[in-house]
1. So what's the range 21-105 giving for Cα Rg divided by 2.2 N^0.38 Å, two decimals?
2. Distance between Cα centroids, the range 95-109 to the range 61-78: provide it in whole Å.
3. Neighbour counts of other C-beta atoms within 10 Å: give me 59, 72 arranged from fewest to most.
C-alpha cells in the first residue's frame, strides 16, 4: 500500500487517506486502541471515529503470532466497549477475503 505512512504516528485525516499509528511512540493526540494484554498492539489504523463508534484495523501479536483484526467499539459512560472483532490469521485467508470484497465492492456508491 503506497499511501500508508509507516514511520511515525499520524492522526487519521478526513481526506480518506490511510494512516498508520505505531503503538508506544508517544503521540499524545491519538487515543490508543482499547485492547488489553495478553494481546500486544503493534500498529493500528482508525477507519472512523464518530457518533460514539470507533472502527479500526489493528496489527497485533497474540502468543507470538501476528494477526490483523477489524475492531468496532462503542463508547459508553465508562469508556470504549468492544462490540465486534474479526481476525485474519493468514495471507491465504486474506487473499480469499480481498477477492470476495472486490467482487462486490463495485455495487457500492
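Nothing in this text is a laboratory measurement; each read-out follows from the coordinates by a stated rule. These figures come from a predicted structure and were not determined experimentally. Every residue, glycine among them, receives a Cβ derived from its backbone with ideal geometry; neighbour counts consider all protein chains shown.
1. Details: Rg = 13.9 Å, N = 85, 2.2 N^0.38 = 11.9 Å.
Dividing the Cα radius of gyration by 2.2 N^0.38 Å gives 1.17.
2. 23 Å
3. Neighbour counts put them in this order, fewest first: 72, 59.
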